[in-house]
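To start, the structure itself, in C-alpha cells.
The values are calculated or read from the model by the stated rules, or taken from the named source; none is laboratory data. The structure presented is a predicted model; accordingly, all values stated were derived computationally and were not measured. Cβ: placed from backbone, ideal geometry, glycine included. Neighbour counts: every protein chain shown. The protein model used for the area step is the full one, side chains on, heavy atoms only, and it has no ligands, DNA or RNA in it. Shrake-Rupley method; radii C 1.70, N 1.55, O 1.52, S 1.80 Å.
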2 protein chains.
Amino acid sequence: MGVKGAETRDRMLDATQELIETGGYFGAGLNQVIAASGTPRGSLYFHFPGGKDQLVGESVRRAGRTIGDALEGLADSSASAAEFVDAVLRSLGDRLEESGWRKGCPVATVALETASTNDPLQEACSEVYASWEATLRARLTGRPDADDLAVLILALVEGALLLARTHRSREPLDGVARQIGVLLR
Amino acid sequence: MGVKGAETRDRMLDATQELIETGGYFGAGLNQVIAASGTPRGSLYFHFPGGKDQLVGESVRRAGRTIGDALEGLADSSASAAEFVDAVLRSLGDRLEESGWRKGCPVATVALETASTNDPLQEACSEVYASWEATLRARLTGRPDADDLAVLILALVEGALLLARTHRSREPLDGVARQIGVLLR
DNA sequence: AAAAATATGTAGACCGATCTATTATGGAGT
DNA sequence: ACTCCATAATAGATCGGTCTACATATTTTT
C-alpha cells in the first residue's frame, strides 16, 4: 500500500471512529463517513472490501487500542489501585465534557447495537472489553479476587460513563470516584 | 379511545419495546414494528402522530416503569441492601440469559444512540434512569452517602449488563454479585 | 534512460432495497 | 349518522453497495 492510500484509509477510519462515538453503528452512515473524511465513495470499497462492517470493526479495535494504551499509561503513573481508578474516571470525564457530552465509550454503543444482530462486530467489541479487563487485572495483581475486581471496575466505569452521557453531567463519574476508596481499601 | 384502538396501540408498543431491546432505536424499524404487531402502517400514525420518536419515547418510558416496578418489588422482599442488589443482578441475569442474550437494559441502547442526536429521547432516557436512581436511593436511606451509593449501584448494574450482553455470559453479573458485599458492608 | 505495461488508487454516477411519513378510502362500532 | 380506526398504495429520502472510467504511481522491458 502506497503512502497516499494509507492516508486515505486512515482518514476514513478517523472519521468513522468519530461518528461511531457520537452515534454508534447507524450514526456512522457511509455518506457521512465520506463527507467527513473528504474521500470518495469508491475508495471506501477499495480499502475496505468487506464494506461497512469491516470499516466499523477496524474502527472499534483501533479505538480499543487507543483507550487501552491510555489505561496502561495511567496505571504506570498511579501509586495505588484506587488512585488509578480515580485517574481513569477523571480522564474519561474530561474527555466526555470537553466533547460536549459526545464522546463516552467508543465501544459501548456499537456493542449494544450489534450484540444480537452482527456476530463479527459483537466479537470485536467483546475482545476489546476483554483486553481492557486484562489491563485492569494486571494493575491489581496481588489482591485477592483480582479477576472479579477487574470486571467490577470495568463495569463501574462503563456504567458511570453511560449515565454521565445520558444525563449530560459529570455527577455519576464523580459520585463513583468518591466511593471508589471504600471498594479498593 | 375505544377498546379496539387501545389494543392496537398496546400491540404496537409491545412490539417496539421488544425490538428496541434487541436492536435499539435503529433496530426498531417501523416495517418491523408493524410486521411484529400485525397492525397496519397507517394506524401507527393515527395512534402516534408524533411518528417514530413518539413511539420509541413511549416504549422507553413504559419499559422504564416495568423495570422500576420490579425494582420496588425486589426492594420490598429483601432484608438488606446487599441482598437487594444481589437479587437485582440475579433477576436481570435470568432475563438476559433466558432471552438468548437479547434482553439487557431496555434503555441503554437507545440512550447511547440518541444521547447526542435526539434531545427528546435523550431526555426520556435520562428521566428513566433518574427514576431508578430514586428507587435505589429509597432502599438505602439511613446510610451515609446514600445518594452516591444509589448512582454507584445503578452504574454497576448497567455496566455489568453491558458486559454480560457483549460477552454473552453471566460472568460479569456474577462477578459483581460476589463483590457487592464488600461495598455494602 | 525512455517507453511500455501493470498495479494502485481516485472519482462519482448509479442500483435496488429500505427507511419514515403521508394520503385517500372504506369499514366497524356506538 | 358520525366518530373511530383499519388498510394499503405511495411518496420521497437515504441506506449500503456496485460499477465503470479515469488518473497516478511503480515496475518491466527495451
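Odds and ends about this structure:
- Candidates B:Phe48, B:Phe26, filtered to the one that is surrounded by 16 or more Cβ atoms within 10 Å (Cβ to Cβ), within 14 Å of another protein chain (Cβ to nearest Cβ) and within 16 Å of DNA strand D (Cβ to nearest atom): B:Phe26
- Any hit, region B:166-184, residues being under 14 Å from the mean Cα position of the chain (by Cα) and farther than 17 Å from A:Trp101 by Cβ: no
- Note on region B:144-185: among residues that are within 11 Å of another protein chain (Cβ to nearest Cβ) and not in a helix (DSSP H, G or I), the one that is farthest from A:Leu163 (Cα to Cα) is B:Arg185.
- Residue count for region A:166-184, restricted to those that are free of Cβ contacts under 8 Å to residues at least 60 places away in the same chain and of a type in the set (Lys, Arg): 1
- Some residue of region A:1-8 being among the aliphatic types (A, V, I, L, M), more than 9 Å from DNA strand D (Cβ to nearest atom) and open to solvent by 20 Å² or more (accessible area, probe 1.4 Å): yes
- When A:Leu71, A:Leu96 are checked against the criterion of being in contact with a Gly (Cβ under 7 Å, 6 or more places away or on another chain), part of a helix (DSSP H, G or I) and touching a residue at least 12 places away in the same chain (Cβ under 8 Å), A:Leu96 stands alone in meeting it.
- Qualifying residue in region A:116-131 (condition: over 22 Å from B:Ile180 (Cβ atoms), touching a residue at least 24 places away in the same chain (Cβ under 8 Å) and part of a loop (DSSP other than H, G, I, E, B)): yes
- Residues being open to solvent by 10 Å² or more (accessible area, probe 1.4 Å) and within 16 Å of DNA strand D (Cβ to nearest atom) - total across region B:51-61: 4
- Only one of B:Asp14, B:Asp53 that is charged (D, E, K, R), away from DNA strand C (no atom under 11 Å from the Cβ) and modelled with pLDDT of 95 or more: B:Asp14
- Residue count, region B:133-165 (criterion: farther than 26 Å from B:Arg102 by Cβ and buried (at least 17 other Cβ atoms within 10 Å of the Cβ)): 8
- Each residue in region A:83-115 was checked for being surrounded by fewer than 21 Cβ atoms within 10 Å (Cβ to Cβ), facing another protein chain (nearest Cβ under 10 Å) and not hydrophobic (A, V, I, L, M, F, W, C), and 4 of them qualify.
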